[in-house]
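Read through the structure below, which is laid out as structure tokens, and then see the notes.
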Amino acid sequence: MSGRPEKKQKIAESKEEAKVEDAEMKDAEAKPAVEKPKVPEPPKELETDAAPISGAKNQETVTFLTPDTTLNVLSSANGSILMSLNEGGIQHLMAGARASVGVSKGRYMFEVKVLELVHVADPVVQGNNNNNRMSKNVVRVGFSTAGSSLILGATADSICFDSDGAIFHDKKRTVGSLRFGRDNVVAVLLNLDEKSENANTVSLFKDGKRVSQPQALPEGLKGKTLFPHIGFKNASVHVNFGPTPLAPLPFTCHMVQDAAKAHVKVTAYAAPADGKYDVAFPVSLPDEGTFAWLDMFLEKNPTYTELSDRMIMDWAQKSGVWKNRGYENKSCNDKPEGNFQVKELDDGSIRKALFSIAPLQSRNYIVMEVRGNLMKDTRKELLSKFEMPGFKKTALVVVGEPTADFKKKTAEYTLKAKQEASDRAFKVKKMEEKRQKMVAKQAKEAEKKKNKLEKERAKKLAEAKKKMEAEKKKKEAAAAKKEGEEEEQKDEEEEKKEEPEPMEVEEEDEEEETVDLLSIDVFGVENILDVGAKTPLFKEFGHEDWTLMSLKFELHILAHAFRKDVNDSERPGIPLDHLPFYYQKYFHKNLTTKEYGVESVADIIKLVSDAVYITPQNVLDSQLSEEMETFAVFATLTEEARRFRLLRIDLGEEDAKLKIIVTQAPKSTSPQTRGLWGKGAQKGAAKGSWDRAPQQPPQAAWGSKGGQSGKGFAAKGPQTPKPPAAPALQKPGAVAARPPAAVSTTPPAVRPTKPAAKGVVKGKGVVKGAGIIKSAGIVKGAGAVVAPAAAKGAAKGAAKGAAAAAPTKSAWPTPTSSYGKAPQTTKGATKGSQPYGKPAGKGKGGKDAGKGSWGSVAGGKAWGGKGGKW
């Protein structure tokens, strides 16, 4: 009975839960669905329709006056179409034209339509410079102050929009609009209405649509009268000042031509009284403040246009033309070095072009040639260029006691030059301090990471060393056991052979002293060629370590050499993007990322960051001093990096593995180096073998393991050469034997013999007359041990062949070395053997020889039972 109340309670609770769930479902259905985020709408247009102009309007025609245009501007009859010259080097310079009417109040606009973009021929670039490879098409539209530079955007007195979608002001470029090009109509709107929300702003419209948000005017331009200004290069434009726009805006706006008279200012230049423009030729002494006087003259007389090499240099700089070593490094103002690496700019073609254009334009000139105006012939040539009736020529003698204002101006120039030099030195000092801090920080982080990994490395190294020692002992035990069995087998074979001549045998090599490289502190090594037991520090270097060590040295030398060659405080090193170019320039080889298995040049620098690094200015610099007593530090750094890399690999870091491509030739796989070397030969060859493999197999003794004696053979002296044997007969289908080499009948020079190494018979390396070394003649490990069957069969066959006088059956020439007499024809050769015995001979010796002797040469069989293939 007690269980019934509990059951009723549970049923009641389940009903309550069901009610709650139903209520939650109803609430969820009542909630609205989540709306997708809407695309943000463009900012609301704050410009409104312009109110009608009350009062008098501007009656002066907006045009371009000659003094407010650059020398390379050509205008149409009505002045609305402008184009630039495109030959003689002028195509590399910007053209500029400022309108004659400026705006000081209100909101007004003007339009420019791009008629064409002229693609001129590529400049003839000298050297390997690609900075001036193509003369770019540029169109700029904006406003500037009266009397400012005609190159729009080059000074703080102007602001403009660029055809590439940028805004220029005081040589600074910022992105703030969309691009425009040929056949586009762009409108520049200047809002100086203090009541407008966009007061003191400038905007750009393309084909009647806004492509730039209102840009605030710089502080230096606020409150000044701003004149419409056009800048272009290799282009032709049509300028519309109104009153009717070519592409109406979303709102009505008055144009400059239709502006209120109270809102504009008109520029006017008075014509000369006699109708002739002045061409002044200053006569002054060099280095006596001539160009400082010229700057003062131009400030007082803005209608004069300077003609000089300094003017061309300044024009090119404001036009953005690249110049080698920059514009600050100049040795002379009168004749500054061009060094643009562009033919027309460097060979004086542009100067000739400008002096050809100048007499055709009605304006005042001042020809500043310090040296030329002092030389009669040069002065006469310059005067002849202005023989036109509309010019008069005046000489200005600038010699004597300077005026007070000139002294004041000179002092200002001197102070400015000193301040600029001080600023540059301070900047360089700060950069060096920052570099030192960065280097110290990198070194601290590297040391911290190294200490962290060293703790883990110690344990892993100990375990690895213990494992290697165990494996080494195991291998040594197996090798000792195998050598003991071979020695017992050899003793049994010797008992069955004929007793050979007694031979002296030296003792085996003693165990060499070894050194543990991992236990050595690389930075404490005094001699990298011998860290102990005559072992070099770089013993374990692989191809990647040698490659990285060479790269460290080359980049270290390159960083210091470039800084010394440039000798420019503003160019402290090679930019990362230019590193492959200068690497090829200095070392005459390419620096490619593929060879180092990385994706970029920055990744290459990371591989050798212990020697060189990239500064925050993205410039290559060296971690090491310029002057070092020894270059052993590169081997030390490479060994330390190798150990650190192996440690990271042991810890499972896959990115620590290098992927450097091997550029050396691969190991030879020819039979002479792969198949003819046995176990003993490889061991002996490391200590006493000749410097090259034998060329004629019959001249050397080949053992049961196919090896040549690695420790060298002792010679018995030269033998008298015999005439070459006639080629042996072969059966049809047999493989041709090796052709006999031509042997001179004149006794050859005695081949110098090397002293017999330990473990080799002295002076009796070959049994005289037999031509084959017997097993008793070579000790264990010498590299050539004759098999038992081969020794018995070959010796017996050779003994019989020694008495035969039929050398014509041999396919090999008589050996000229000091190995005793050559083997002769015998019946103890395997079937098909050409060098020894008859071609079809069968005998006991041949049977035995098939197990361990020479085997068949002509038939292409193996030399010995266990030997490699020929």
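The values are calculated or read from the model by the stated rules, or taken from the named source; none is laboratory data. The structure displayed is predicted, hence computed values, not measured ones. Cβ: placed from backbone, ideal geometry, glycine included. Neighbour counts: every protein chain shown. Side chains are part of the model used for accessible areas, which takes the heavy atoms of the whole protein and leaves out ligands, DNA and RNA. Shrake-Rupley method; radii C 1.70, N 1.55, O 1.52, S 1.80 Å.
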* Structure fact -> For Asp295 and Asp491, extending 7 Å from Cα along the Cα-Cβ vector and measuring point to point gives, in nm, a value of 10.4 nm
* Go through 107-118, 536-547, 65-76 and give me the packing order, highest mean Cβ count within 10 Å leading. => 107-118, 65-76, 536-547
* Structure fact -> For Ser349 and Ala146, extending 7 Å from Cα along the Cα-Cβ vector and measuring point to point gives, in nm, a value of 4.0 nm
* Would you mind getting me the FRET efficiency between Leu529 and His119? Use the beta-carbon distance for r and R0 = 60 Å, nearest 0.05. => 0.45
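Run the numbers for Lys335 and Ala51: contour at 0.36 nm per residue of separation, minus the present Cα-Cα distance, in nm.
96.6 nm
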* Whole-Hz couplings from phi, Karplus 6.51/-1.76/1.60, listed for the range 181-192; x for Gly and Pro -> x, 4, 6, 8, 10, 10, 10, 10, 10, 10, 10, 10
* Structure fact -> Taking 0.36 nm per residue of separation between Phe251 and Lys416 and subtracting their Cα-Cα distance, the length gained on full extension comes to 54.5 nm
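Pop the C-beta distance of Gln584 and Gln317 into the FRET formula with R0 = 41 Å and round what comes out to the nearest 0.05.
The pair Gln584/Gln317 has a calculated efficiency of 0.90.
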* Asked: Any idea how far the Cα center of the range 217-232 sits from the one of the range 375-397, in Å?
  -> 37 Å
* Asked: Taking R0 as 56 Å, what's the FRET efficiency between Glu469 and Lys441 from their Cβ-Cβ distance, rounded to 0.05?
  -> 0.85
* Structure fact -> Long-range amide H partners of Val283, meaning residues 5 or more apart or on another chain whose placed amide H is closer than 5 Å, are Leu396, Val397, Val398
* To do: Show me 215-221, 264-270 ranked by packing, highest mean number of other Cβ atoms within 10 Å first.
  => 215-221, 264-270
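Taking a probe of 1.4 Å, how large is the accessible area per residue of the range 200-356, in Å²?
I get 45 Å² per residue for this part.
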* Work out how much length Ala404 to Ala478 would gain on full extension: take 0.36 nm times their residue separation and subtract the Cα-Cα distance, in nm to one decimal. => 16.3 nm
* Violating pairs (Cα-Cα greater than 26 angstrom) within the set Lys343/Lys427; Lys385/Lys408; Lys437/Lys564; Lys105/Lys318; Lys224/Lys318; Lys449/Lys659 -> Lys343/Lys427; Lys385/Lys408; Lys105/Lys318
* To do: Could you tell me what % of all Cα pairs in the range 529-575 have separations over 16 Å?
  => 57 percent
